[in-house]
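The structure appears below as structure tokens.
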Amino acid sequence: MKRPIAYIAGTGYAVPRRAVTNDDLAKNGLDTNDAWIRDRTGIGQRYVSDPDETLTHLSAAASRIAMADAGVSAGEIDVIVLGTATPDHLLPATAVEVQAALGAGRAMAFDLGAACSGWLYSAQVAEGLIATGMAKTVLVIGAEVLSTIVDWTDRNTCVLFGDGAGATIIRSVKTLPKGDTRERGILSSYGRSDGNLYDLLWRPAGGVAEPFSDKVYEERRQYVRMEGREVFKHAVRSMADATDRALDMAKLTPADIDLVIPHQANMRIIEATAKHAGIDMSRFFVNVERFGNTSAASIPIALADARSQGLVPEGTLVLFAAFGAGFTWGSLIVRF
């Protein structure tokens, strides 16, 4: 097992003011009901942004909580990495707007696009920057405003997704106080992708390849489209692979893991992943019922939520696993 070079020093999350329940969706004319959604996804509600709750707004709010938790000021942040599929603008990166909102004037800032694996990939980038000596303190954010790119007339997709932001402060172990000799931090990381499957979960139009047009709007191609059964199959297989690889790299077994925080895609995928990984569901932290699938934000929101409930005490060994459009997938094992 490698010695950690970076650790998670603080966490925080922020969600929009407005919670939308399954019953709310049905009342608004969607052909569905609470029982149908819960049975297929485990989701009971999701948060939906109002116009003033931009990605920058949510990201900055979550970041301030994480910074306070870590005892880090804006001036100490060397890099900001924002994992998202829903930036406020195509140019510039939303991360630089977050930088300005926080007053982190000396930080390098950029976005990273890996869909639901966005926070996990961003954390791996942060670890790499710390390993090279380019940074000591990195703000890693996963945030989405998915309500703007889902088709609210399509019950197969719109019931799944929600908005929110999760933030983490990842620091070099060299910043730990003198005398703190506990071994904590990132013990292993793994990531993969397969672009051959890109069109199983994608947003067909709105980019350079097919810009917005009257035809795009007529065909509703600006919204997310998903082949549900195929995505489910690949998600379970990939998250199980990610779990196995991270354990092998850390020279650990499933029995060593205290808590698993998976991407909160839906309850059925999480349960199938647990079965394939050989880890009992009692060791999985799940909050998809309250937040829905917030894509890149789901793992950092879940981590902050679990910590707020006292479920990640000192010494806890946590396995993170994610899968997203691309396809992308990966894992981290972290000792807190």
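Only a single item in (1) out of contact with any helix residue (DSSP H, G or I) (no Cβ under 9 Å at 6 or more places or on another chain); (2) under 18 Å from Pro300 (Cβ atoms); (3) among the small types (Gly, Ala, Ser) is not met by Ala66, and it is number (1). Of the residues Thr273, Thr294, the single one that is within 21 Å of Thr148 (Cβ to Cβ) and β-branched (Val, Ile, Thr) is Thr294.
Looking only at residues of the range 160-191 that are assigned to a loop (DSSP other than H, G, I, E, B) and touching a residue at least 60 places away in the same chain (Cβ under 8 Å), we find that the one that is farthest from Ala70 (Cα to Cα) is Leu160. Considering Thr243, Thr294, the condition of being buried (at least 18 other Cβ atoms within 10 Å of the Cβ) and modelled with pLDDT under 95 is satisfied by Thr243 alone. Here Arg283, Arg237 are screened, and the one residue that is surrounded by 14 or more Cβ atoms within 10 Å (Cβ to Cβ), of a type in the set (Lys, Arg), out of contact with any Lys or Arg (no Cβ under 6 Å at 6 or more places or on another chain) and at pLDDT 90 or above is Arg283.
Checked against (1) touching a residue at least 60 places away in the same chain (Cβ under 8 Å); (2) over 26 Å from Ser122 (Cβ atoms); (3) of a type in the set (Lys, Arg), Lys251 passes all but a single condition, namely (2). In the range 19-49, the qualifying residues are those that are over 19 Å from Glu271 (Cβ atoms) and loosely packed, with under 15 Cβ neighbours inside 10 Å, and the one that is modelled with the highest pLDDT is Thr21.
Might you let me know whether the range 197-211 holds any residue that is surrounded by fewer than 21 Cβ atoms within 10 Å (Cβ to Cβ), modelled with pLDDT under 90, touching a Lys or Arg at 6+ places or on another chain (Cβ under 7 Å) and under 14 Å from Ile333 (Cα atoms)? Checked against the condition, which is being surrounded by fewer than 21 Cβ atoms within 10 Å (Cβ to Cβ), modelled with pLDDT under 90, touching a Lys or Arg at 6+ places or on another chain (Cβ under 7 Å) and under 14 Å from Ile333 (Cα atoms), the range 197-211 yields no hits at all.
The values are calculated or read from the model by the stated rules, or taken from the named source; none is laboratory data. This is a predicted model, so every value here is computed, not measured. Positions of Cβ are backbone-derived with ideal geometry, glycine not excepted, and every protein chain shown enters the neighbour counts.
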